[in-house]
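S.K.: This is the structure, below, for whatever I ask next.
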Amino acid sequence: MILNTRRNFFKKSFLGGAVLLFYNSSLYGAAEPLKTLTLAQVDLFPKVKELHVDTASYLLLILDHSRITASHKEFLRNGVQWLHEESLKLHGKLYYNLLEHERQEVLQEISEYGCGEPWIDALLTYSMEALCSDVVYGVNKKDAAQKWLGFCAGFPHPKRAYL
Amino acid sequence: MMYDVCIIGSGAGGSPVAYELSRAGFSVVVLEKGKEYKEEDFNKDELAVSRRELFTPDLKDEQHVIYELNERKEHRRYLGSEHQWSFWNGSMVGGSSNLMSGYFHRMKPNDFKLLSAYGEIEGANVVDWPLSYEELEPYYEKVERIVGVSGEVVSHSFLEPRSTSHFPYAKLEENGVTKWFDSACKSLNFESIPTPRAIIPHAALKRNGCSYSNFCGSYGCATGAKGSARAALLQKCDARVITEAFVYKLESDATKVTKAHYYDSDMKTHEISAKIFVLAAQAIESSRLLLNSKNRFFPYGLANNNNQVGKNLIFSGGGAGEGRFRFETLTNEQQKELMEVGLFFNRSLQQWYEYKKSDKKIKGGTIDFLFEHQNLIPRIKRAFYDEREKIIWGKALEQKIYKELTTSRVLNFEVFNDWLPTDECFVGIEEEIKDKYGIPVGAIYLYSHPIDREVGNDLAKKAVQVLEEMGASEISYSISSAPPPNIVAGGCRFGENPQTSVLDKNCKAHELENLYVTDASFMPTGGSVPYTWTVYANSFRVADILRKRLES
Ligand SMILES: Cc1cc2nc3c(=O)[nH]c(=O)nc-3n(C[C@H](O)[C@H](O)[C@H](O)COP(=O)(O)OP(=O)(O)OC[C@H]3O[C@@H](n4cnc5c(N)ncnc54)[C@H](O)[C@@H]3O)c2cc1C
Ligand code: SF4
């Protein structure tokens, strides 16, 4: 339910619009933020895929939340740009056109930057939130983290979405 | 309609007055800016409650401006919304008492006479209270019965005098690790005390007993076992509670408050008339409302002709620490005990409530021990960085998370000692920054006296000794000048002298005939314990005073 309405948001969200990329001081092209962020999330924590957690839908849900500041969204978007520009610098291709080990190399590289580490931290945090989210949010239908970590506290569960 | 009593704020400071006076037959209205949630609305949705702070205002709408004093005595300014620095604790019926953990300690007799017991401290406005422990004791006892405090009275060096020999509710069930704690204390010759809690262990007071949900602090209680002002008091009386009513001004003539003005959720203004007004919007907001309620009789803010409103703001001094227990060093039996969820840790040390240093008598404090909060996300996030503080991901992160969360557990401690009142720590108004209602926001001027940190460190070292003796690893602690926003008091201190206090002994404003303040604002010093038991007790005391006044 929530996800359907949030998907409409995608059209007007910053995740919907393309991010312009520069390479060797000239405009190279554009990248899709949501596609980049969700791929980076899986590269950073493949377990989310194994546990069938829908991190893309969670990003759409959470980045529309009133408590997520505009400056934070801007920061995430800038990270998309750095990631692709670093990919171009190292391998001459956009991040999502690289092989898995090349993408890991790029992540390693950007983690060395002052802003790179907090960007990775933010993406991992959203993955963990998705992984631990209640079933009512529809992105973690099988209580993945709870089962994986044998977590049996946290009752009562919400009957409806509070976010 | 003219009410007998109008209360602003429905938390621990306001609700005892609402409960007592409405049950005594007086007409009582409570104006509360937050919404109403009941037991059935509460759940353990970590994303909404903890990550997105469902129960506190969005800083974009309502914030504070914070000024921190540096060593060069210059103020550094922080806009709350820009720095995500929040001093909100819970805007809802029952206030932040819904979200408290309910670690309850009484203040000690000497806390009521800090100046006479320990002498002057340079740079601090230490005073004696105009009230003694003996005068407040019957109300501490009343809170035990009516709000519901569970525990076990054990003899120790600083056990305060009690009019009853037992708590009315037996202590909550405890995790097996408390046995390790008790035996560590025994070998160190430390006095282990079961921590009293504002939680009832079984059904009583028309409330359910605790379900040991393990998500207590920061979360509303779905059983009603927690002694929130809402569950214990407001739901038990017929005081009228108007929700989403943000009081922005108290109107007065030269001697009396005449009206409270509030905005509803549609930004429509309303006014309430009453014979008596009781302010309990939590320490910072109560001072803010008074300072924002200027008029021709009180040009500097209501009850502020002596320039005392907002002064001597205090928090709990101290800090927190932790140690980790890992399976590698434990027997199978101990591993099971460690991972048992639900049951409480509930242990405190008060042996150094007063201690000697270089032959000088020092006022010390309390150390509470508790398991790390069960919130999953912060525990997972702790695994994000390796020993070199570099971020990790992929398989390495997955394995670390799994190991940390399934084969180890962290025991925390919290140190509570005096945050000495000073001229540098106070509440003001930031005229040019307005909240969503268009009202100037509060400015919080922060400063902690160096002695606060010295005492905090002395106490933390004792806690570390216990953790070491218990066999914990990765022990660390942090005692700092960062204030805990949820344990806040002062700003309208009570006292005999109108030149140095805002309220008299009855918590009535010296300068007005019918204005009382019953949240923690009245406290001139804070004691070395969390404040809520004292806030509840004092509010019951003022309720008695008001009842007599209204009856006559
Ligand atoms: C996470 C957490 C854990 C805690 N744990 C403990 C603990 O273990 N032990 C302990 O002793 N204490 C604890 N506390 C502190 C305890 O909750 C407070 O000491 C207590 O609730 C203070 O009572 P109060 O009446 O001053 O404020 P509150 O209970 O917060 O009530 C104030 C009310 O006033 C309302 N209000 C504010 N401004 C206005 C306005 N202008 N108009 C109308 N309404 C207004 C607010 O919305 C709020 O509901 C904890 C608090 C938190 C948040
Ligand atoms: S049920 Fe018990 S542990 Fe859970 S919130 Fe209520 S008082 Fe706290």
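The values are calculated or read from the model by the stated rules, or taken from the named source; none is laboratory data. The model shown is predicted, which means the values in this text are computed figures rather than measured ones. Counting neighbours? That spans all protein chains shown, and the Cβs are built from the backbone with ideal geometry, glycine included. In case anyone asks, the SASA skips ligands and DNA or RNA and just uses the protein heavy atoms, side chains included. Shrake-Rupley method; radii C 1.70, N 1.55, O 1.52, S 1.80 Å.
S.K.: Checking B:Asn295 against (1) open to solvent by 40 Å² or more (accessible area, probe 1.4 Å); (2) away from ligand 1 (no atom under 14 Å from the Cβ): exactly one of these is not met. Which one?
M.R.: Failing condition for B:Asn295: (1).
S.K.: How many residues are under 14 Å from A:Leu37 (Cα atoms) and open to solvent by 10 Å² or more (accessible area, probe 1.4 Å) if we restrict to region A:86-103?
M.R.: The number of residues fulfilling the criteria is 4.
S.K.: For B:Lys206, indicate whether it is more than 14 Å from chain A (Cβ to nearest Cβ) and within 16 Å of ligand 2 (Cβ to nearest atom).
M.R.: Yes; evaluated as a whole, the condition is true for this residue.
S.K.: Which of the residues that make up region B:536-550 are touching a residue at least 12 places away in the same chain (Cβ under 8 Å) and open to solvent by 10 Å² or more (accessible area, probe 1.4 Å)?
M.R.: Those that are touching a residue at least 12 places away in the same chain (Cβ under 8 Å) and open to solvent by 10 Å² or more (accessible area, probe 1.4 Å): B:Arg541, B:Asp544, B:Ile545, B:Arg547, B:Arg549, B:Leu550.
S.K.: Next up: Would you be able to tell me the number of residues in region A:33-78 that are assigned to a helix (DSSP H, G or I) and either more than 23 Å from B:Leu59 (Cα to Cα) or touching an Asp or Glu at 6+ places or on another chain (Cβ under 8 Å) (or both)?
M.R.: 22
S.K.: For B:Ile199, indicate whether it is within 11 Å of ligand 1 (Cβ to nearest atom), of a type in the set (A, V, I, L, M, F, W, C), at negative phi and surrounded by fewer than 21 Cβ atoms within 10 Å (Cβ to Cβ).
M.R.: no
S.K.: For B:Phe494, work out the one condition from (1) more than 14 Å from the chain's Cα centre (by Cα); (2) closer than 30 Å to B:Gly319 by Cβ; (3) open to solvent by 20 Å² or more (accessible area, probe 1.4 Å) it doesn't fulfil.
M.R.: Result: B:Phe494 passes all but (3).
S.K.: Hey, could you check region B:1-43 for residues that are within 14 Å of chain A (Cβ to nearest Cβ) and either open to solvent by 20 Å² or more (accessible area, probe 1.4 Å) or within 20 Å of the chain's Cα centre (by Cα) (or both) and say which is farthest from ligand 2 (Cβ to nearest atom)? Give the steps one after another, and end with the answer.
M.R.: Residues of region B:1-43 within 14 Å of chain A (Cβ to nearest Cβ): B:35, B:37-43.
Checking which are either open to solvent by 20 Å² or more (accessible area, probe 1.4 Å) or within 20 Å of the chain's Cα centre (by Cα) (or both) leaves us with B:35, B:37-41.
Values: B:Lys35: 19, B:Tyr37: 13, B:Lys38: 13, B:Glu39: 9, B:Glu40: 13, B:Asp41: 13 Å.
Looking at residues that are within 14 Å of chain A (Cβ to nearest Cβ) and either open to solvent by 20 Å² or more (accessible area, probe 1.4 Å) or within 20 Å of the chain's Cα centre (by Cα) (or both), I get B:Lys35.
S.K.: Name the residue that is nearest to ligand 2 (Cβ to nearest atom), counting only residues in region B:209-251 that are under 20 Å from B:Glu36 (Cβ atoms) and basic (Lys, Arg). It would help to see each step written out before you state the result.
M.R.: Step one: list which residues in region B:209-251 are under 20 Å from B:Glu36 (Cβ atoms), which gives B:218-247.
Subsequent filtering for residues that are basic (Lys, Arg) retains B:226, B:230, B:236, B:240.
Values: B:Lys226: 4, B:Arg230: 13, B:Lys236: 17, B:Arg240: 27 Å.
Here the answer is B:Lys226.
S.K.: Sticking with this structure for a sec: Scan region B:421-451 for residues that are part of a loop (DSSP other than H, G, I, E, B) and free of Cβ contacts under 8 Å to residues at least 12 places away in the same chain and report the count.
M.R.: 1
S.K.: Report the residue count in region B:207-241 for those that are touching a helix residue (DSSP H, G or I) at 6+ places or on another chain (Cβ under 7 Å), away from ligand 1 (no atom under 15 Å from the Cβ) and open to solvent by 20 Å² or more (accessible area, probe 1.4 Å).
M.R.: Number satisfying all stated conditions: 5.
S.K.: Still on this structure, please answer the following. Considering region B:160-182 alone, what residues qualify as being surrounded by 13 or more Cβ atoms within 10 Å (Cβ to Cβ) and either among the β-branched types (Val, Ile, Thr) or without any contact (Cβ under 8 Å) to a residue 60 or more places away in the chain (or both)?
M.R.: Within region B:160-182, B:Glu160, B:Arg162, B:Phe167, B:Pro168, B:Tyr169, B:Ala170, B:Val177, B:Thr178 meet the criteria.
S.K.: From the list B:Gly25, B:Gly95, B:Gly102, B:Gly90, which one is in contact (Cβ under 8 Å) with a residue 24 or more places away in the chain, within 19 Å of B:Arg240 (Cβ to Cβ) and among the small types (Gly, Ala, Ser)?
M.R.: Unique residue meeting the criteria: B:Gly95.
S.K.: Can you give me the number of residues within region A:79-132 that are under 26 Å from B:Leu376 (Cα atoms) and among the aliphatic types (A, V, I, L, M)?
M.R.: 8
S.K.: Moving on. Got a sec? Which of B:Asn304, B:Asn346 is buried (at least 17 other Cβ atoms within 10 Å of the Cβ), within 16 Å of ligand 2 (Cβ to nearest atom) and modelled with pLDDT of 95 or more?
M.R.: So the residue among B:Asn304, B:Asn346 that is buried (at least 17 other Cβ atoms within 10 Å of the Cβ), within 16 Å of ligand 2 (Cβ to nearest atom) and modelled with pLDDT of 95 or more is B:Asn346.
S.K.: Also, quick follow-up: How about region A:120-158: which of its residues are among the aromatic types (Phe, Trp, Tyr), facing chain B (nearest Cβ under 9 Å) and open to solvent by less than 20 Å² (accessible area, probe 1.4 Å)?
M.R.: In the first step, residues of region A:120-158 are kept if they are among the aromatic types (Phe, Trp, Tyr); the result is A:126, A:137, A:148, A:151, A:155.
Narrowing further to those that are facing chain B (nearest Cβ under 9 Å): A:137, A:148, A:151, A:155.
If the condition is that a residue be among the aromatic types (Phe, Trp, Tyr), facing chain B (nearest Cβ under 9 Å) and open to solvent by less than 20 Å² (accessible area, probe 1.4 Å), then A:Tyr137 is the only one that fits.
S.K.: Now for a separate question. Would you pick out the residues in region B:95-150 that are within 15 Å of ligand 1 (Cβ to nearest atom) and on the phi > 0 side of the Ramachandran plot?
M.R.: B:Gly95, B:Gly102, B:Gly148
S.K.: Something else now. How do the pairs read when you match residues in region B:44-57 that are more than 7 Å from chain A (Cβ to nearest Cβ) and of a type in the set (Phe, Trp, Tyr) with residues anywhere that are buried (at least 24 other Cβ atoms within 10 Å of the Cβ) and part of a helix (DSSP H, G or I), using Cβ under 8 Å and keeping only pairs 6 or more apart or on different chains?
M.R.: As it stands, the answer is B:Phe55/B:Asn98, since those pairs meet every condition given.
S.K.: Name every residue in region B:510-529 that is crowded, with 24+ Cβ neighbours inside 10 Å and in a loop (DSSP other than H, G, I, E, B), in order of residue number.
M.R.: B:Thr518, B:Asp519, B:Met523, B:Pro524, B:Thr525, B:Gly526, B:Gly527, B:Ser528, B:Val529
S.K.: Also, I was wondering about something else. Assuming B:Thr258 fulfils every condition listed in (1) open to solvent by 10 Å² or more (accessible area, probe 1.4 Å); (2) within 16 Å of ligand 1 (Cβ to nearest atom) apart from one, which condition is it?
M.R.: Every condition holds for B:Thr258 apart from (2).
S.K.: To continue, here is another question. For region A:110-119, give me the residue count where each residue is within 8 Å of chain B (Cβ to nearest Cβ) and out of contact with any Ser or Thr (no Cβ under 9 Å at 6 or more places or on another chain). Before you say what the answer is, go through the steps one by one.
M.R.: Taking region A:110-119 first, the residues within 8 Å of chain B (Cβ to nearest Cβ) are A:111, A:117.
Retained after the next criterion (residues that are out of contact with any Ser or Thr (no Cβ under 9 Å at 6 or more places or on another chain)): A:111.
Residues in region A:110-119 being within 8 Å of chain B (Cβ to nearest Cβ) and out of contact with any Ser or Thr (no Cβ under 9 Å at 6 or more places or on another chain): 1 in total.
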